[in-house]
Amino acid sequence: MDYILSVVTLAAINMVAVLGLAVFTGFTGLFSFGHAAFVGVGAYASAILTYYYYVPFFAALAAGSVAAALVSLVIGIPTLRAKLRSDYFAIAILGFGEALRVILENLDITNGARGLPGIDQFTTLPIVLACLAFSVWITRNFLRSRYGAACIAIREDPVAAEMAGIDLFRTRLLSLVLSAFLCGLSGGLLAHFLSFIQPVMFTLVQSTQLLAAVIAGGMGSVTGPLIASFLFIV
């Protein structure tokens, strides 16, 4: 039973990250091969706060999510302002993810490539389910807003959306920030569930797994990617 609960917990954690990517790829139409980097930022930011500075878990979890959202601005502002096409953006964010991994492997506070062991195991299944419910709620509210409608319009035809008065840069950037926020939340939960994180955990392999769940579950769907993610992890 402990094993089954662990698998379910891990699957639910991954579903939070997949939900974030579903907003950016499934509804906005931009592919990403680097969203595992945002999961890593959330994991390391929250873990460092609880590990070194004894910050309360939920405060660290929120800080890790915000940190991932802020980091998304670093890659999002220059690339989205340049109006890179989906495939070029995917390559750019892939390079960003690899650069971030190298940085994490060379910082003393992250313990380098050896990883950060002994993180307090605060994450439980009820907490993960509550975070997943919060993620679904905030995602559905976003998609039902005018910004969500703008994202769908951009996915269908960015030229027509721009001619209709939609700001492509601002809408795409908002979608990326929300996506990164949810990935950071997933990372914080993951770090405090496994009690150990390492830069190699947040590479192209993880990003591809997230993207595969979004595509398998269906572009423009919320429940589909969640179901696909759960099945993949199980």
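Think of the stretch 3-120 as a dipole: +1 on every Lys or Arg Cβ, -1 on every Asp or Glu Cβ, centred on the Cα centre; then among THR50, LEU107, ALA63, ALA63 lies furthest on the positive end. Only the Cβ atoms of Lys and Arg (+1) and of Asp and Glu (-1) were treated as charged; on that basis the dipole of the stretch 36-174 about its Cα centre amounts to roughly 340 debye. Once the trypsin sites (Lys or Arg not before Pro) in DSSP loops with at most 13 neighbouring Cβ atoms within 10 Å are cut out of the chain, the longest remaining piece is 86-234. Relative to the Cα centre, the charge distribution of the chain, modelled as +1 at Lys and Arg Cβ and -1 at Asp and Glu Cβ, gives a dipole magnitude of about 440 debye.
If a/c stays under 1.5 just call it rounded; otherwise compare a/b with b/c (prolate if a/b is bigger, oblate if not). Do that for the chain, with a ≥ b ≥ c from the square roots of the Cα gyration tensor eigenvalues. Prolate. Between TYR54, TYR88, TYR147, the Gaussian network model of the chain with springs among Cα atoms under 10 angstrom shows the greatest mean-square fluctuation at TYR54. Taking the Cα centre of the stretch 101-234 as origin and assigning +1 to Lys and Arg Cβ atoms and -1 to Asp and Glu Cβ atoms, the resulting dipole is close to 200 debye.
Positive contributions from Lys and Arg (+1) and negative ones from Asp and Glu (-1), summed over other residues with Cβ under 11 Å from the Cβ of PHE33, come out at -2.
Potential lengthening of the chain between ARG144 and ILE109 amounts to 8.5 nm, from the contour at 0.36 nm per residue minus the alpha-carbon distance. Averaged per residue, the stretch 122-234 has 45 square angstrom of accessible surface, using a 1.4 angstrom probe with ligands and nucleic acids left out.
What the phi angles of the stretch 170-179 give under the Karplus curve with 6.51, -1.76 and 1.60, with θ = phi - 60°, is a coupling list of 5, 5, 5, 5, 4, 4, 5, 5, 4, 4 Hz, glycine and proline written as x. Once you have a ≥ b ≥ c as the square roots of the Cα gyration tensor eigenvalues for the stretch 78-203, tell me rounded if a/c is under 1.5, and otherwise prolate or oblate according to whether a/b is larger than b/c. Oblate is the answer for the stretch 78-203, as a/c is 1.5 or above yet b/c matches or exceeds a/b. If R0 is 22 Å, the Cβ-Cβ spacing of VAL102 and ARG81 corresponds to a FRET efficiency of close to 0.30. Along the stretch 35-41 the Karplus relation, 6.51 cos²θ - 1.76 cosθ + 1.60 evaluated at θ = phi - 60°, assigns HN-Hα couplings of 5, 5, 5, 5, 4, x, 4 Hz to successive residues, with x for each Gly and Pro. Here r is the Cβ-Cβ distance between ASP2 and LEU231 and R0 is 25 Å; the resulting FRET efficiency, rounded to 0.05, is 0.75.
Taking amide hydrogens as placed 1.01 Å from N in the peptide plane, the amide H of ILE197 sits under 5 Å from those of LEU116, each at least 5 positions away in sequence or on another chain. Using only the Cα atoms of the stretch 108-182, build the gyration tensor, take square roots of its eigenvalues as a ≥ b ≥ c, and label the shape rounded, prolate or oblate: rounded if a/c is under 1.5, else prolate if a/b is larger than b/c, else oblate. Oblate, since a/c reaches 1.5 and b/c is not below a/b. Here the gap between ASP120 and PHE134, fully extended at 0.36 nm per residue and compared with their Cα-Cα distance, gives a gain of 2.7 nm.
The values are calculated or read from the model by the stated rules, or taken from the named source; none is laboratory data. What you see is a predicted model, and the numbers here were worked out from it, not measured in a lab. All Cβ positions, glycine included, derive from the backbone under ideal geometry; neighbour counts span all protein chains shown. To get the accessible areas, we keep the full protein, side chains included, count just its heavy atoms, and leave off ligands, DNA and RNA. Shrake-Rupley method; radii C 1.70, N 1.55, O 1.52, S 1.80 Å.
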